[in-house]
Amino acid sequence: MEFSGIVGGIPFISLFIFTGILVNLIQVSCYLTIWPVSKSTFRRINGAITELLWLEVVWLMEWWSGFEVKVHTDAKTSQLMGKEHAIIMPNHVSDSDTLLTWILAQRVGCLRSALTIVKKTTGYLPVFGWTNWFSESIFLDRNWAKDESKLKSSFEALSDYPTPFWMTIFVEGTRLTADKLLEAQSFASSKGYPIPKNVLIPKTKGIVTAVQSLRSFVPAIYDVTIAIPKQQPFFPTLLTFLKMQPCKVAVHIKRYSTKDLPESDQGIAQWCRNRFIAKDELLETFATTGTFDEEEITEFRRSTKSLIVTLIFASIFLVGGWIFLQRLSSGWQYPTLATIIGSVAIVVHIFIEFTKMPPPKIKATQICTQ
């Protein structure tokens, strides 16, 4: 039930809001005073404080809910991850996909510069959206007439980024659902494309713009395939994380050099479509075997850094909150505490509703499986 998720989420979201407000205040101060003088210095400071907040999310997933990630990649890619600018191109299966990329980024040392392309409404989410804005994630209207120039200018602004960054692009444009998959299958049939079973048809304008704008200073694109074992009882979402329901995810990563990609827009678009055809086949194999074959397997352990950071901020939050309540008169302590808890519960509800999958309009039996 969502109610249990709201109740279970109050402690974490309280801490997240507390830390986030501190982070946002520092971001505003640095943006007004340091950004006009030195963008590089601002980015380094902003990255350091943003990482503290994102580490709390990593802690929620790994320590609170028991979320496990197993990464399959080759030795060369494993060595380069976190040491170079890269475009991240995953399939989009749940609301936790962005958070999953944060876990990967944290493991290779670039969580502080993990950027994402997201829909504009994400920017209005308390703390989460504001922090992403200062970190130079890109917010889109989902209207190409408006988004094209926004993407190009945002990409060009990253040319002097001082540390290795990851720019995550969900080229399918939306999460995989039964309704969306049926639409993709109908579209593929009408165009004579292979019928997808596990992915959607990629929307290539964004990735084409990204490659053409970034290839001069971004050497790699990581083709990331996220697979969720079907036999596990829980699906990875924000709600399952808050309810302490453990999930497992397998991730396959293949590196491509941007210099080796086609030069033309049409060539890049076709390359992207071919990669998603390959993703679909890879996911079919995973559904049968439960693993990605013929790749080096790297198992990541839970982040000790996220545990330490969360414990420190939780201690500050609890001590500060206790001192604050003690300074109130006895008649105001309980009403104030009730108001704070009620407000946080509303924020938890907003986050859950924002990330919730829409109800299906079709039956699973209508989806093509041939």
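So here's what we get for this one:
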read-out: Most to least packed among 328-341, 45-58, 157-170, 306-319 [average Cβ atoms within 10 Å]; value: 45-58, 157-170, 306-319, 328-341
read-out: Sequence of Glu183, Glu353, Glu263 when ordered by accessible area, the most exposed leading, probe 1.4 angstrom; value: Glu263, Glu183, Glu353
read-out: Accessible surface of segment 1-86, 1.4 Å probe, proportion on carbon and sulfur as whole %; value: 71
read-out: Point-to-point label distance, Ser315-Lys146, nm (Cα→Cβ direction, 7 Å offset); value: 4.6
read-out: Pairs from Lys150/Lys203; Lys76/Lys305; Lys119/Lys259 whose Cα-Cα separation, in the structure shown, is over 19 Å; value: Lys76/Lys305; Lys119/Lys259
read-out: Crossing angle, helix 97-107 versus the chain [Cα axis fit, 0-90 degrees, rounded to tens]; value: 80
read-out: FRET efficiency, 1/(1 + (r/R0)^6) with R0 51 Å, evaluated for His349 and Ser190 via beta carbons; value: 0.80
read-out: Computed [θ] at 222 nm, helices only, for the chain once each DSSP H run of length n ≥ 4 contributes -39500 (n - 2.57); value: -17500 deg cm²/dmol
read-out: Gained length - Thr304 relative to Gln333, 0.36 nm times residue gap less alpha-carbon distance; value: 6.9 nm
read-out: Rel. contact order, % - alpha carbon contacts under 8 angstrom, at least six apart, segment 67-305; value: 32
read-out: Equivalent ellipsoid, segment 1-149 (semi-axes from 5 times Cα gyration tensor eigenvalues, Å); value: 23, 22, 18
read-out: Magnitude of the charge dipole, the chain, Cβ model with Lys/Arg +1 and Asp/Glu -1, debye to 20; value: 440
read-out: Angle between the chain longest axis and helix 204-214 axis [Cα atoms, degrees, rounded to 10]; value: 80
read-out: Heavy-atom accessible area per residue - the chain, 1.4 Å, Å²; value: 48
read-out: With Cα atoms, 0 to 90° folded angle of helix 144-156 axis to the chain main axis; value: 80
read-out: Inter-site label distance for Glu284 and Ile340 at 7 Å from Cα along Cβ, in nm; value: 5.6
read-out: Cα gyration tensor shape for segment 67-305, rounded if a/c is under 1.5, else prolate or oblate; value: rounded
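The values are calculated or read from the model by the stated rules, or taken from the named source; none is laboratory data. Nothing here was measured: the structure is a model prediction, and the numbers come from that model. All Cβ positions, even for glycine, are placed from backbone atoms using ideal geometry, and neighbour counts span all protein chains on display. Heavy atoms of the whole protein, side chains included, go into the accessibility calculation; ligands, DNA and RNA do not. Shrake-Rupley method; radii C 1.70, N 1.55, O 1.52, S 1.80 Å.
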